[in-house]
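Report on one structure; see the data block that follows.
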Amino acid sequence: MNFGLSEDQQAIRAAARQFAQAVLRPGYQQRERAGKLDRATVLRMGALGLIAPGLPEAMGGQDLDSVTLGLLHEELARGDFNLAYLPLLAALNGQILLRCAREEVARQYLPGLARGEVLSALALTEPHAGSDAAHIRLQARRDGARYLLNGEKASISLAMDADVAITFVRTGSEADGARGISALLVPLDAPGVRRVPSTDVGSLIVGRGALFFDEVSVPSRYLLGEEGRGFTQVMQGFDFSRALIGLQCLGAAAASLEETWAYASQRSAFGRPVVQFEGVSFPLAEAETLLEAARLLCLKTLWLKDQGAPHTAEAAMCKWWAPQVAFDVIHRCLLLHGHAGYGQDLPHQQRLRDVLGLQIGDGTAEIMKLIIARERAGRAAVPY
């Protein structure tokens, strides 16, 4: 196995790092204080091809492979964990639209998605159905050439800012479980859509919230995949996004670790730099090891995807372990900064709060471990 990067991959990663360090990182904390998404920065990212570079060139992307997307994603998260969430959603939703949408619908939205002009959310979770996603209740009633939606989605990232949402709806009876779920691309400016913001601990600019649908009319041509098979067809893209989530969290942790090495080299105590004390340098060395191991797992998962090989178990490993490693590393970096690390002037506390959200969202650690067990032992490992 070749662990080297091609010249193109090195150039793309270097360009992403330069933008992230020069543009994103200096405003990371300021954007949280503003409490809203900076659409001008989003458009700038889009103009540079940083939102959806995995899309085909005909749809506004660069047709990048999954490993290169992962390298780029980690660099963006080093600069701003929350703005890196936009390429994550664009990668996931872009692949879903490419695979499942009618061509005219894909062409209507994907170029704008790549330019940062269209923001897309993924609406799956409901108040009673988080991990138990196969039992959603949002109803979509067929009425001629349209569907009428009634119900609620909860804890949706970008709910307050997204222009469209890939929305999982129930077109069959609740007794059908996953077999009665379909997916629709829903324009969020449609009459009858109401948005209510969440009060979160972190990732404030991601604009998580609830979406309420009251007789919302969606053209039937916006159906993604086949009716009644949305859960099985559309959910296939989640293995991809789980590896990217792992790298997003690791990017934030790498930024804190880099800052802590510099601080420990400059900070003196008892007449010498604190980095000379093993109580400081050893935890940082352990953090470097853990980040590298988790990074390799995520990149291997993306490599498997590029090879067309199964990677569901590996993706689940990325999703539960990398966010936990990242949280623990950032926590250690905060503590090593002493009382200054506990203050809001330094970014460690914000990264800690931001990464914490992805230990919950997009699949909890418990669900990921269940997926791994199922992949290794089959149905025998699934509880009834």
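Structural remarks
- So LEU83, is it touching a Gly at 6+ places or on another chain (Cβ under 6 Å) and assigned to a loop (DSSP other than H, G, I, E, B): no
- Test: residue in the range 241-256 that is within 20 Å of the chain's Cα centre (by Cα), among the basic types (Lys, Arg) and not assigned by TED's automatic domain parsing to the domain that holds GLN18: yes
- Residue-level analysis places GLN21 among those that are out of contact with any Pro (no Cβ under 9 Å at 6 or more places or on another chain), in a helix (DSSP H, G or I) and in contact (Cβ under 8 Å) with a residue 40 or more places away in the chain.
- Top-ranked residue of the range 172-200 - restricted to ones that are modelled with pLDDT under 95 and β-branched (Val, Ile, Thr), ranked as surrounded by the fewest Cβ atoms within 10 Å (Cβ to Cβ): THR199
- Boolean, LEU37 is at pLDDT below 95, closer than 23 Å to SER241 by Cα, surrounded by 12 or more Cβ atoms within 10 Å (Cβ to Cβ) and assigned by TED's automatic domain parsing to the domain that holds LEU69: yes
- Test: ALA77 is under 15 Å from the mean Cα position of the chain (by Cα) and in a strand (DSSP E or B): no
- Hits in the range 252-273 - residues which are touching a residue at least 24 places away in the same chain (Cβ under 8 Å) and among the aliphatic types (A, V, I, L, M): ALA252, ALA253, ALA254, ALA255, LEU257, ALA264
- Checked across the range 87-101, the condition of being within 19 Å of SER241 (Cα to Cα) and either basic (Lys, Arg) or touching a Cys at 6+ places or on another chain (Cβ under 7 Å) (or both) holds for at least one residue.
- When the residues of the range 92-138 are filtered to those that are among the β-branched types (Val, Ile, Thr) and under 19 Å from the mean Cα position of the chain (by Cα), the one that is nearest to ASP38 (Cα to Cα) is VAL118.
- Residue tally, condition touching a Ser or Thr at 6+ places or on another chain (Cβ under 7 Å) and over 24 Å from GLU278 (Cβ atoms), over the range 291-340: 7
- Test: residue in the range 44-51 that is more than 22 Å from ALA106 (Cα to Cα), assigned by TED's automatic domain parsing to the domain that holds GLY112, surrounded by fewer than 19 Cβ atoms within 10 Å (Cβ to Cβ) and modelled with pLDDT of 95 or more: yes
- Residue pairs whose Cβ atoms lie under 9 Å apart, separated by 6 or more positions or on different chains, with the first residue in the range 337-355 and assigned by TED's automatic domain parsing to the domain that holds LYS319 and the second surrounded by fewer than 19 Cβ atoms within 10 Å (Cβ to Cβ) and of a type in the set (Ser, Thr, Tyr), are HIS348/TYR342; GLN349/TYR342.
- Neighbours by Cβ (under 7 Å, 6+ apart or cross-chain): first from the range 70-94, on the phi > 0 side of the Ramachandran plot; second of a type in the set (A, V, I, L, M) and crowded, with 24+ Cβ neighbours inside 10 Å: none
- Annotation: PRO310 fulfils all but one of (1) surrounded by 18 or more Cβ atoms within 10 Å (Cβ to Cβ); (2) part of a loop (DSSP other than H, G, I, E, B); (3) not β-branched (Val, Ile, Thr); the unmet one is (1).
- Among the strands (runs of 3 or more DSSP E) confined to the range 168-227, there are none with at least 3 residues that are hydroxyl-bearing (Ser, Thr, Tyr).
The values are calculated or read from the model by the stated rules, or taken from the named source; none is laboratory data. Quantities reported herein were computed from a predicted structural model and do not represent experimental measurements. Note that each Cβ is placed from the backbone with ideal geometry, even for glycine, and that neighbours are counted across all protein chains shown.
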